[in-house]
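One structure is given below, encoded as structure tokens.
Each reported figure results from applying straightforward, stated rules to the coordinates on display, with no laboratory input. Just so we're clear, the structure is a prediction, and the values are computed from it rather than from any experiment. As a convention, Cβ positions derive from the backbone with ideal geometry for all residues, glycine included, and neighbour counts pool all protein chains shown.
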Amino acid sequence: MTADFSEIRRNEHLPARIASHIGREIAEGRISPGDRLPTEHLLAKTFGVSRSVVREAIAQLRNEGLVETRQGVGAFVLGPQGRGSIRIEQTALRDPETFRSLFQLRMPLEIEAAGLAAIHHDDTDLKKLDDALARMTGAEKWTDQGIVADLAFHRALATATHNEYFLLFIGFIAERISLAINAARAAAILEEIVEATIAEHVAIRDAMVTRDPMLARAAMRSHLIGAAARLELTLDIF
């Protein structure tokens, strides 16, 4: 069977759409276990997107346990025995209750991650956070690249916990929450939503630098409550 890759429409978050497309090709047998995915350059050209978008899509597939990446070699499809058991299709999250439940899961995970990151982060972790913030606040903050940077920030914070399982689960959820970022941008005045989101991320970064876990937890809690409110989600908050 032959994989069917074609240019992706831009009506949803691009990395998630590309990951979903490749995931279907794997599920339907057009890409077999052990196969190497096309190079980033070729995928970017085929889908009509940038290489950074392709990298985000492959990261999502890796978080889902569909592929493994080998440094300097590429991404390879895993067989069923090597895959993780967690998989949520983007289409399932169009159900409001399913989406609310996933967003609810962010609260304990990301609040705890912020506290651990405050304690355990090193200079490399801080640079990754600052790089993501620079992209969030730069000229591309109004575009899809601003969303990519937002997700990169959350993954960098998860990495700063120095607990690989936080990165695994938060990375997985962050990709799904890309729908939330798009929805929030569509439901409000773009300038207001972007500036509020940036301010919340700066507060998280600044709190983490103090190495005060309670301060970092409070900043993340405030961000998640704000993000939920912008989506008109009713969460159980204690």
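Annotations
- Amide N of the stretch 32-47 lying under 17 Å from the label point, which is placed 7 angstrom from the Cα of residue 73 along Cα→Cβ: 32-40
- Rounded to the nearest 0.05, the FRET efficiency derived from the C-beta distance between residue 51 and residue 134 at R0 = 22 Å is 0.70.
- The phi-based Karplus calculation (6.51 cos²θ - 1.76 cosθ + 1.60; θ = phi - 60°) puts the 3J(HN,Hα) values of the stretch 50-66 at 7, 5, 5, 5, 4, 4, 5, 5, 5, 4, 5, 4, 5, 4, 7, x, 8 Hz, whole numbers, x for Gly and Pro.
- The phi torsions of the stretch 21-36, fed into the Karplus equation with coefficients 6.51, -1.76 and 1.60 and a -60° offset, translate into couplings of 5, 5, x, 5, 4, 5, 4, 8, x, 7, 10, 9, x, x, 5, 8 Hz, rounded to whole numbers, with Gly and Pro shown as x.
- Burial order of peptide ranges 204-216, 67-79 (average beta-carbon count within 10 Å, highest first): 204-216, 67-79
- Think of the stretch 93-230 as having a plus end and a minus end, set by charges on the Cβ of Lys, Arg, Asp and Glu; of 124, 198, 220, 220 sits farthest toward the positive end of this dipole.
- Built amide H within the under 5 Å cut-off of residue 78, gap 5+: 34, 67, 68
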